[in-house]
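I have placed the structure first, in the form of structure tokens, so that the comments after it can refer back to it.
The values are calculated or read from the model by the stated rules, or taken from the named source; none is laboratory data. Computed from a predicted model, the values in this text were never measured in an experiment. Using ideal geometry, Cβ is built from the backbone for each residue, glycine included, and neighbour counts are taken over all protein chains shown. To get the accessible areas, we keep the full protein, side chains included, count just its heavy atoms, and leave off ligands, DNA and RNA. Shrake-Rupley method; radii C 1.70, N 1.55, O 1.52, S 1.80 Å.
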Amino acid sequence: FSSSCVEETCLQSILEPYLSFTAAKWVDRPIRDQELQFSEISGTQLMQSLPAVPLALLFVTILLEQKVVLASSRRGMLMAASDAIMQLLKPLQWKHLLVPLVPESMMNDLVHYPAPFILGIPTDEKKSAEILSSLPDDVTLVDLDVGRVMLASEFVHDDSSASDGPGAAAGALRSQVLFLAESLGGIVGGAVDDSWASDSPLQIIPHDNNNKVDDFVSIRNICHDFILELLSGVHSCCLWIEEKSVEECTNGNEPAIVFDEKRFLSIKSLRSEGLNLSLFQDKQVDGSRSEFCLGTDKFDLILDAFLRTQSLSNYISHGEKESMMFW
């Protein structure tokens, strides 16, 4: 009772909606264009799932390499959010565990992972509700369906040697993170128009929605300028040490890089007061980054936590010898 004509017609009617959708976006386009378009769509979805201040809070939390759980009933949203977060961190790189979509069998084990992580947990799994309601105290929960970020009560880089005890240090660091997120969120909110649209599970973001894409580009540029300001003066605090013996002159040894934390904190303090500027200034960049300067009077614990991050260590280790003092 089969007919090749009927089978071809049925197959075409089933696949046509999918082919027409994908052909407009991906087919016959260079890989680089596909990557850029996916990044734009991912960023737009994250931007529409979180208001300005929670988005800034998520950014600061990830920047300080905390444990973060992304929760959503939409698996595509979890994948998009994970990709967008990586974009906001550039030029830094996330060097810890990243699982955009955690299998149900591994959820309980991964949320107790001892190092920083970013995990995507679908809320429609059987064990999800129980696990999300009993997360450890050092895990930040990001609900992408509601647009809410519940900041962890403890932090990975807590200073347990503080004079008032580790609990007081954790509370002080948490307060600084919230204050910074509120300030940065104000800048983010002022750069976009109606950036949050409590999206439904069935919402599809049109490809030609250039305004939303431009809004995410603005947010990405704000995060980029903030990180560049945070990294200002880093290489001037580095001492490149390279030892060579007579026999090993032809075979260079791996160098060691010593970082002066006190000098770095001093530079941050001076820059927050407008007293420390680069020798060669980029007028278009330095002027716009002045509002992102973090001083040790208000953000000392955030700066200390940032100094302990693996992303900063990786950034320093990949620096050029000519950008540092060397011996």
>> Looking at the stretch 121-139, I want the residues that are hydrophobic (A, V, I, L, M, F, W, C) and have a partner that is open to solvent by 30 Å² or more (accessible area, probe 1.4 Å) with Cβ atoms under 8 Å, at least 6 apart or on another chain. Which pairs are those?
In response: ILE121/LEU132; ALA129/THR123; ILE131/ASN108; LEU132/THR123
> Among the candidates LEU231, LEU294, LEU303, LEU270, which residue alone is out of contact with any helix residue (DSSP H, G or I) (no Cβ under 8 Å at 6 or more places or on another chain) and at pLDDT 85 or above?
Replying inline: LEU270
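Taking the options SER313, SER288, name whichever one is at pLDDT below 90, assigned to a helix (DSSP H, G or I), open to solvent by 20 Å² or more (accessible area, probe 1.4 Å) and farther than 20 Å from LEU178 by Cα.
Sole residue among the options that is at pLDDT below 90, assigned to a helix (DSSP H, G or I), open to solvent by 20 Å² or more (accessible area, probe 1.4 Å) and farther than 20 Å from LEU178 by Cα: SER288.
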>> Within the stretch 10-31, take every residue that is modelled with pLDDT of 75 or more and open to solvent by less than 80 Å² (accessible area, probe 1.4 Å) and give me the one that is farthest from PHE216 (Cα to Cα).
In response: CYS10
> Among the residues of the stretch 294-310, which ones are in a loop (DSSP other than H, G, I, E, B) and either among the aromatic types (Phe, Trp, Tyr) or surrounded by fewer than 19 Cβ atoms within 10 Å (Cβ to Cβ) (or both)?
Replying inline: GLY295, ARG308
> GLU247 versus (1) modelled with pLDDT of 75 or more; (2) over 30 Å from ALA84 (Cα atoms): which is the lone unmet condition?
Replying inline: (1)
>> Just to check your reading of the model, which residue among SER73, SER82 is among the hydroxyl-bearing types (Ser, Thr, Tyr) and over 23 Å from LEU184 (Cβ atoms)?
In response: SER73
